[in-house]
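Peer 1: What follows is a structure written as structure tokens; I'll ask about it next.
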Amino acid sequence: MADILPQSTAEFCELYSVFMKKDSLSPKKGIDMRRDIVQQSIEGRLAAFLLIRRCRKFGFIHESVRQLMIRTYGEAFWAKVLERAGFEAGKENIINHYYSDQDTYTLIDAVSVILKVTREQVWEMYGCFLIQYTMETGWDDLIRSMSPNLKGFLDNLDSLHYFIDHVVYKANLRGPSFRCEDNPDGTITLHYYTGRPGLYPIVKGVLREAAKRVFKLDVSMSITGRTQRSVQMATGERIEEHVIFLIKTQNTDQSNEDALGTAVVQHSNNYKIRLTHMDFVTTFPYHMVVDQDCKIVQVGRELYNHIPKDLLTVGTPLMRIFEVTRPQIPLDFDSICNFINAVFVLQVKTTPMEFQRNANKRAGQITDGFDNAQEDGNTAVATLSQSQHLKLKGQMMLMTSGGHIMYLCSPYVTSIPELLQYGLRLTAMPLHDATRDLILLNQQRLSDVEMNLQLEANNEQLENMAKDLEVEKGKTDALLREMLPPSVAQQLKQGLSVDAREYEEATVMFTDVPTFQQIVPLCQPKDIVHLLNELFTKFDRLIGIQKAYKVETVGDSYMSVGGIPDTVDDHCEVICHLALGMVMEARTVCDPINNTPLHIRAGIHSGPVVAGVVGAKMPR
């Protein structure tokens, strides 16, 4: 196997700093800073996870378009846009909803027609606002911390897209890719690749506004090339657009040149590297080097534990072993170079070696017994379901020779369960690999997340119980108000005692059915109940109309009172009207014996009354 090593100490230091995710080579400082990054990364993931569970923002694009139009042209203008686009108000920016590209294009086209401008002008205006809105909504610190210069900012846009896509939103969105080139005249050539043709004006707006807000630069951008090609993917054919921008700065003092980031730093320690092939493959146990045909030239030693040895030989096509899951591009040299700044995630396509080893081990232990053979088959199925195809995540680097690409990567695992699913142990990763710290720290954070989720579940259960309690409490209150006057019921609810009270003037009425004793022996009990229920229901309705109070019913007797507990001057008139109404309502009830209208009698008396609550079980 060929020894493809860095040609100098400087190049090795660059590789190592990329792998360590920091530029500093001080061991202690590098480890401390790396741990801080991992710590903050995990805390950010957890905070984002807990926040997004309550408020997902997949409608971010539509919401930002809405904010732009309302702030610039007003609410009435946005209402016209929604009407023309066919969106119902309030349904165009649902934060937990995925909108199709066509929905977004429809909104932009509606804005374009109403404003009488081109779609490209609307996209560019939106790009200028997008960086402003993003920084307003809490992303300003992240954007400002990406790089001290514009070129570094552009080179890190791919990793920012990956973070937002996979860490924050947990989605599988198709983001663009950016690649920069320094020019001798101090300008920057930006290559923009996207699977959504026609969105390049957004890039112009975003970069001009970002240069102004973050780096205090006035830049001009011109398009020097725009091509499209058809790319065959596993999911089908798609169109990929390649746009080339030329970025020039308008103010050229030294500070702005530093912000532009075009200065080239020469390494003074450009000595021949003192690193053997074995040292290199041990330091980077999961790395790979491929040639221009994307055929394997060199691999790290740990890959032999996951991929058959006959495949890890010089000349094996990379696509025979791996499939690329991120970014969604063909696995060829040109495509990798186009997306050189993207985070690459490759997944092994072959059967997991852990499963093969377990299968070979079991094959030597199989006995002639049918039960043992059946048990072995069940174990094989269980092992295959637990052994997952290894995923690698890292960065593609074009080597100085120009004819080889090195893939610096680590297993794509974030927790102990994932580690075990891939048949890995922590010892499989070198101590300098930040993945070890990520797994260990994330394990504790996952426990915290699980506890938070349990607390949220308990809180939700308590909220549901509280709602049920309110419903039952309402039923109890309604029942209490039926049994007692509202003022008395309120006192009992508050735990207060209700003392007997004397009323100087009140009117009491008793009503009954004179022929009730003749009806009872000739009817079934349930018929009597139906008769009284029909009669008293009509009386209860009259009680509510006349604002009297029903005291109780005993047999066919119905007792009501006026002027209690709320004193009124016309209590006698109220009860008399009530009596006349009861007489007329009783005639609508049929006597079950004679099949004639039912007759009642009423006795009314006015004078002083003493009223109070009697009893505790069924207070009256």
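Throughout, read-outs are computed from the coordinates displayed, never taken from laboratory work. In this text the structure is predicted, and so the values were computed from the model without any measurement. Virtual Cβ from ideal backbone geometry, glycine too; neighbours counted across all protein chains shown.
Peer 1: Equivalent ellipsoid semi-axes for segment 500-611, as square roots of 5 times the alpha carbon gyration tensor eigenvalues: give them largest first, rounded to whole Å.
Peer 2: 28, 13, 11
Peer 1: Of Lys116/Lys248; Lys80/Lys248; Lys151/Lys309; Lys475/Lys547; Lys80/Lys467; Lys493/Lys526, which sit over 32 Å apart, Cα to Cα?
Peer 2: Cα-Cα > 32 Å for Lys80/Lys248; Lys151/Lys309; Lys80/Lys467; Lys493/Lys526; rest within.
Peer 1: Take the Cβ-Cβ distance between Thr400 and Leu455 as r, set R0 to 60 Å, and report the resulting FRET efficiency rounded to the nearest 0.05. It would help to have the intermediate numbers written out before the result.
Peer 2: On the way: r = 54 Å, r/R0 = 0.90.
With R0 = 60 Å, the Cβ-Cβ based efficiency is 0.65.
Peer 1: Apply the Karplus parameterisation 6.51 cos²θ - 1.76 cosθ + 1.60, with θ equal to phi minus 60°, to every residue of segment 575-592 and state each ³J(HN,Hα) to the nearest whole Hz, in sequence, with x for glycine and proline.
Peer 2: 5, 5, 4, 5, 5, 4, x, 5, 4, 5, 5, 5, 5, 7, 9, 8, 5, x
Peer 1: Quick one: what are the phi-derived ³J(HN,Hα) couplings along segment 314-330, Karplus 6.51/-1.76/1.60 with θ = phi - 60°, whole Hz, x for glycine and proline?
Peer 2: After applying 6.51 cos²θ - 1.76 cosθ + 1.60, I find 4, x, 6, x, 4, 5, 6, 9, 10, 10, 8, 9, 7, x, 7, 9, x Hz.
Peer 1: Once the Cβ-Cβ distance between Glu75 and Asp141 is put in as r, and R0 is 41 Å, what FRET efficiency do you end up with, to the nearest 0.05?
Peer 2: Approximately 0.85, to the nearest 0.05.
Peer 1: Mind ranking 542-553, 203-214, 219-230 by how tightly packed they are, going by the mean number of other C-beta atoms within 10 angstrom, highest first?
Peer 2: With the highest mean Cβ count within 10 Å placed first, the list reads 203-214, 542-553, 219-230.
Peer 1: Arranged from highest to lowest average of other beta-carbon atoms within 10 Å per residue, in what order do the peptides 420-432, 277-289 appear? Walk me through the intermediate numbers first.
Peer 2: Numbers: 420-432: 15.7, 277-289: 18.8.
Sorting 420-432, 277-289 by mean packing, highest first, produces 277-289, 420-432.
Peer 1: Of the peptides 596-604, 392-400, 308-316, how do they stack up when ordered by the mean number of other Cβ atoms within 10 Å, highest first?
Peer 2: Listed from highest to lowest mean packing, they are 392-400, 596-604, 308-316.
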